[in-house]
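First the structure, in the form of structure tokens, and then the observations on it.
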Amino acid sequence: YQRRVHGVVGPALGYICQSAKVHAARSSEGFSLVVSCILLLSGVLRVFFWFGKRFEYPLLLQALFMILVQLVLLRLCTIYPSRSQKGHSFVDMDFSHFWHWEDFMSYVMALLIICFATSMVTAMFRPFALYFELLGYLSLSIESVMATPQLRENYRRRSTEGLSRALVACWCIGDGVKTVYFSLSGVPIQFLLCGLVQLTVDAGVIAQLVHYGRAHRTPPASPVVTLV
């Protein structure tokens, strides 16, 4: 029972830590909201995949719990919005600020549209087993690029300030364990490649934490005063 609970809650722990960091700092600066977008999309696809190809209930609960945690995180990010969110909403239809909205209802509306569109497509292709296989692969592929927006955000800001170290640690541990499991269990090569891609991106984020953290700790050079 405890193992199942850990399986449901474990993958979301890092985002709970990120939520706590946003609340403590009263700011969402530094966290890429697109990460939440990817996880919500992946979670929704996984839930619909379950209707066509039943897998273990803990994995379904894991996807539902992750969706809930991401909504809570997004709610906090609208209470303490970043500079890129301010003045933008879903109804603006400004794709240059997609998923960088100031109000929580914008994210709810976008999620409902995703769910509605997926349900319509699923209703059309429900008789075809291949559709659900593709749905499962699509969910996995989307999740494999989860940390890429954070890598880009860190590079854009030249800083990792605001990013929870616990979140990065959870990424590394989770992706590492998953990749080892894939390599030992003889799953199709696509799964192993997805794990390796995730570990590569994780390594990039860790390198940014070290590099930008060192840059912020380096004190500015003292001005040289010349006495005449």
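Using only side-chain charges placed at the Cβ, +1 for Lys and Arg and -1 for Asp and Glu, the dipole size of the range 1-87 relative to its Cα centre rounds to 40 debye. Each part gets one Cα centre, and for the range 116-182 versus the range 13-45 those centres are 13 Å apart. Backbone phi angles across the range 94-111, fed through the Karplus curve with coefficients 6.51, -1.76 and 1.60 (θ = phi - 60°), yield HN-Hα couplings of 9, 6, 6, 10, 4, 6, 10, 10, 8, 9, 5, 4, 4, 6, 5, 4, 4, 5 Hz in residue order; Gly and Pro are listed as x. Rounded to the nearest whole Hz, the Karplus-based 3J(HN,Hα) values (6.51 cos²θ - 1.76 cosθ + 1.60, θ = phi - 60°) of the range 12-18 follow the sequence 9, 4, x, 6, 5, 5, 5, with x at glycine and proline. Just check the range 108-149 against the gyration tensor rule for me: Cα atoms, a ≥ b ≥ c as the square roots of the eigenvalues, rounded for a/c under 1.5, and otherwise prolate or oblate depending on whether a/b exceeds b/c. Note, shape of the range 108-149 comes out oblate. With the cut-off at under 15 Å, measuring from each backbone N in the range 27-62 to a point 7 Å along the Cα-to-Cβ line of residue 86 picks out 27-30. Taken one residue at a time, the phi angles of the range 80-89 give Karplus couplings (6.51, -1.76, 1.60, θ = phi - 60°) of 10, x, 7, 5, 6, 8, 5, x, 10, 8 Hz. Gly and Pro are set to x.
Of the residues 60, 42, 139, the one whose Cα sits farthest toward the positive end of the charge dipole of the chain, with +1 on the Cβ of Lys and Arg and -1 on the Cβ of Asp and Glu, is 60. Rounding to the nearest 10 and keeping the result within 0 to 90°, find how far the Cα-based axis of helix 189-217 lies from the longest principal axis of the chain. Long axis of 189-217 versus the principal axis of the chain: about 20 degrees. In this Cβ point-charge picture (+1 for Lys and Arg, -1 for Asp and Glu), the chain has a dipole of about 420 debye about its Cα centre. Near residue 109: Cβ cut-off under 15 Å, other residues only, Lys/Arg at +1 and Asp/Glu at -1. The net charge is -3. Think of a 1.4 Å ball rolled over the protein heavy atoms: the chain then has 58 Å² of accessible area per residue.
The values are calculated or read from the model by the stated rules, or taken from the named source; none is laboratory data. Owing to the predicted nature of the structure, the values given are computational and were not obtained by experimental measurement. Here Cβ is always computed from backbone atoms with ideal geometry, including for glycine, and neighbour counts include all displayed protein chains. The accessibility values were calculated without ligands, DNA or RNA, using every heavy atom of the protein model including side chains. Shrake-Rupley method; radii C 1.70, N 1.55, O 1.52, S 1.80 Å.
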